[in-house]
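One structure is given here, and the rest of the page talks about it.
The values are calculated or read from the model by the stated rules, or taken from the named source; none is laboratory data. These figures come from a predicted structure and were not determined experimentally. Because the Cβ atoms are built from the backbone with ideal geometry, glycine has one as well, and the counts that use them run over all protein chains shown.
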Amino acid sequence: MSEDDRPEADREGALPHPRRVYELFGQDAALGEAEHALTSGRMHHAWMIIGPKGVGKASLAWRLARRLLGAAPDSSGALASLPGDPVCRHLEALAHPDFLLIRRPYDDRAGKFKSEIPVEEVRRAPAFFAKSASGKGWRVCIVDSADELNTNSTNALLKTLEEPPERGLLILIVNAPGRLPPTIGSRCRRLILRPPPVEATASWLVSRHKLNATDAKHAAALAHGAPGRALVFAETDAPTLKATIDSALEKLPRFDRSAVMRLAGAAARKDGGQVRAITLDFLIGYAQSRARIEALGEAGAATGASWADAANYIVKLARESETLYLDPRQTVHAAFRLLQDAAADQP
């Protein structure tokens, strides 16, 4: 299998991989902060880029990597580079000697991803940073995403953070910083990305991606303004999926079994991988939202714990459904049962 054909764990659906994305919408403040660090000579040795899925974390990381490794700047925006620059072409081919990407590897023989980033992947970082840089003096390593490190790989990464290399930059892409130990976060400079307003993202989908206004509005709303997620949702019938999910959950702890069966059937189709992923995404978001609501209520964190646990279990289920090839139909049913159990635990 060629590199171009190999599945990539850090790629979202059918969208281009972030190393081939040169536009970053709605993150001018974060770009300005990163560019100021670069131009002022105060570049921290480790950055943790935090935000929800599809907000542009990886696009910003690659944008920063290009400039640090010497790509010619482009006047189109902060940290922008000319796509045809040799540095950009080498990074797109994952062939730049001063760059390392750490992510969940794909096993060609087994035909699936590893469920976590194994320690062997992280142990490549010390040897990489120990080498002399071949270009303008910087070496850059991106970890996408740090949420997927296991205990051993987290400890290995901590050793690199404790002994920062000179003119070396480690960029951690993080969806949920609470899943990482404080010892990691305390050694990183945080850059928090927030979604643009829903209306702004909808307008961007219309002007930049030629969606009709109705579809753009629905996709942007479902993604809570995150541009990348909105693009993924625009590729599928996400509004119909969301309506079916809402119907299924309306009377928890009882759920609409016919709605769940429709979702499970759609996920089990030959082309249902995206349906399964989006369905689980929505269910994770639902559980997280209920956890926040309950935690802020009179009973406090105790009643939110069941929902938080359900969200974490569905995250694990989503990853295992991809890496272990669990039956899609059973996966969807299992996710709904987790929510049903969480609802039944409430007083």
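Structure summary
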read-out: Residues of the range 260-281 satisfying the condition of being touching an Asp or Glu at 6+ places or on another chain (Cβ under 8 Å) and farther than 15 Å from residue 12 by Cβ; value: 268
read-out: Pair list, Cβ under 6 Å, 6 or more apart: the range 144-173 residue assigned by TED's automatic domain parsing to the domain that holds residue 127, other residue among the β-branched types (Val, Ile, Thr) and part of a helix (DSSP H, G or I); value: 152/119; 153/119; 153/122; 156/119; 156/122; 157/122; 158/183
read-out: Count - residues of the range 208-223 that are crowded, with 16+ Cβ neighbours inside 10 Å and either assigned by TED's automatic domain parsing to the domain that holds residue 285 or among the aliphatic types (A, V, I, L, M) (or both); value: 7
read-out: Some residue of the range 126-139 being of a type in the set (Gly, Ala, Ser), in contact with a strand residue (DSSP E or B) (Cβ under 6 Å, 6 or more places away or on another chain) and not in a strand (DSSP E or B); value: yes
read-out: Residue 84 modelled with pLDDT under 90, in a loop (DSSP other than H, G, I, E, B) and more than 17 Å from residue 49 (Cβ to Cβ); value: no
read-out: Residue check, residue 183 more than 27 Å from residue 153 (Cβ to Cβ) and assigned to a helix (DSSP H, G or I); value: no
read-out: Lone qualifier among 126, 165 - being of a type outside the set (Gly, Ala, Ser), modelled with pLDDT under 95, surrounded by 15 or more Cβ atoms within 10 Å (Cβ to Cβ) and farther than 25 Å from residue 315 by Cα; value: 165
read-out: Boolean, residue 255 is outside any helix (DSSP H, G or I), in the same structural domain as residue 334 (by TED's automatic domain parsing) and buried (at least 16 other Cβ atoms within 10 Å of the Cβ); value: yes
read-out: Any hit, the range 95-104, residues being at pLDDT below 95 and under 20 Å from residue 324 (Cβ atoms); value: yes
read-out: Residue pairs meeting the criteria (Cβ under 9 Å; at least 6 apart or on separate chains; first assigned by TED's automatic domain parsing to the domain that holds residue 173, in the range 35-55; second in a loop (DSSP other than H, G, I, E, B) and acidic (Asp, Glu)); value: 45/166; 53/12; 54/12
read-out: Residue among 231, 263, 205 that alone is at pLDDT 90 or above and in the same structural domain as residue 323 (by TED's automatic domain parsing); value: 263
read-out: Only one of 311, 230 that is closer than 18 Å to residue 26 by Cβ and either surrounded by 22 or more Cβ atoms within 10 Å (Cβ to Cβ) or among the small types (Gly, Ala, Ser) (or both); value: 230
read-out: Test: residue in the range 73-90 that is closer than 30 Å to residue 155 by Cβ and not aliphatic (A, V, I, L, M); value: no
read-out: Residue match in the range 103-110 (condition: farther than 18 Å from residue 9 by Cα and assigned by TED's automatic domain parsing to the domain that holds residue 139); value: no
read-out: Test: residue 120 is among the charged types (D, E, K, R), surrounded by fewer than 17 Cβ atoms within 10 Å (Cβ to Cβ) and farther than 21 Å from residue 44 by Cα; value: yes
read-out: Qualifying position, being under 26 Å from residue 129 (Cβ atoms), touching a His at 6+ places or on another chain (Cβ under 9 Å) and not in a loop (DSSP other than H, G, I, E, B), among 30, 58, 34; value: 58
